Amino acid sequence: MRVYRGQKEWDPGMEITAPSLRHDFGHDAVVMTDQLLLLTSGLVSRADSGDEQARSALENRLLHMQNSRYENPYVSCSHHRFIAQSFALALDTPGFVLTIEGGQDDGLDYERVRQRHGMFGDAVGHLSEFGIPKAVRGGFVVTRVEYIKVTTHPGEVVYECA
């Protein structure tokens, strides 16, 4: 499986980690990240077995992880390159698009989980997000990195109100 990630900085030795590993919770970030992963995987498992309370909690957890990035134990990627490119070019500055390959079952496909359980994700569904637990390592490999520059040319004007 191939996913894409947009980011502002990159160098060949850089470790690409989940936001929760880069945040000081006042506790050990590794322990907190492991707890967040355990919580999320437990909710997915319980929702898959038909537990409606777990399904509701999972729906909220998925939205919370996407909206409160420092509590997200997953490296955020997208199934679509253009989404990653929009993150790389945020704030009209250059950035990098990483192509990452790995196993579909080794991460969290947010939209697949939502579809499986009839959940809403309207505010963030367009991201087509796939989460890699903790860091890009193990079964996941960066196979390509592109430096993307913001164009300095204006786009073609196809209509203008006088």
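The values are calculated or read from the model by the stated rules, or taken from the named source; none is laboratory data. This one's a predicted model, so the numbers in the text were calculated from it and none came from an experiment. Cβ atoms come from the backbone with ideal geometry, glycine included; neighbour counts cover every protein chain shown. To get the accessible areas, we keep the full protein, side chains included, count just its heavy atoms, and leave off ligands, DNA and RNA. Shrake-Rupley method; radii C 1.70, N 1.55, O 1.52, S 1.80 Å.
Can you compute the equivalent ellipsoid semi-axes for segment 22-87, i.e. the square root of 5 times each eigenvalue of the Cα gyration tensor, sorted largest first and rounded to whole Å? Intermediate results must be reported in sequence, preceding the final value.
Working: eigenvalues 99, 73, 18 Å².
Largest first, segment 22-87 gives 22, 19, 9 Å.
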Item to check | Pairwise FRET efficiency - ARG69 versus ARG144, Cβ, R0 = 22 Å, nearest 0.05 | outcome: 0.35
Next on the checklist: What percent of all Cα-Cα pairs in the chain falls into each 10 Å bin, going from 0 up to the bin containing the maximum distance?
Outcome noted: 10, 35, 33, 14, 6, 2
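Summarise the long-distance tail of P(r) for segment 69-145 by giving the % of C-alpha pairs beyond 21 Å.
Counting every Cα pair in segment 69-145, those more than 21 Å apart make up 30 percent.
Can you compute the FRET efficiency between ARG2 and ALA57 using 1/(1 + (r/R0)^6), with r the Cβ-Cβ distance and R0 = 30 Å? Round to the nearest 0.05.
With a Förster radius of 30 Å, E is 0.45.
For the chain, with every protein chain kept in place, what is the accessible area per residue (1.4 Å probe, Å²)? Working shown, then result.
Working: 9490 Å² over 162 residues.
Counting only protein heavy atoms, the per-residue value for the chain is 59 Å².
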Checklist outcome for this item: Inverse of <1/r> over all distinct C-alpha pairs of segment 1-56, i.e. the Kirkwood Rh in Å, gives 14.0 Å
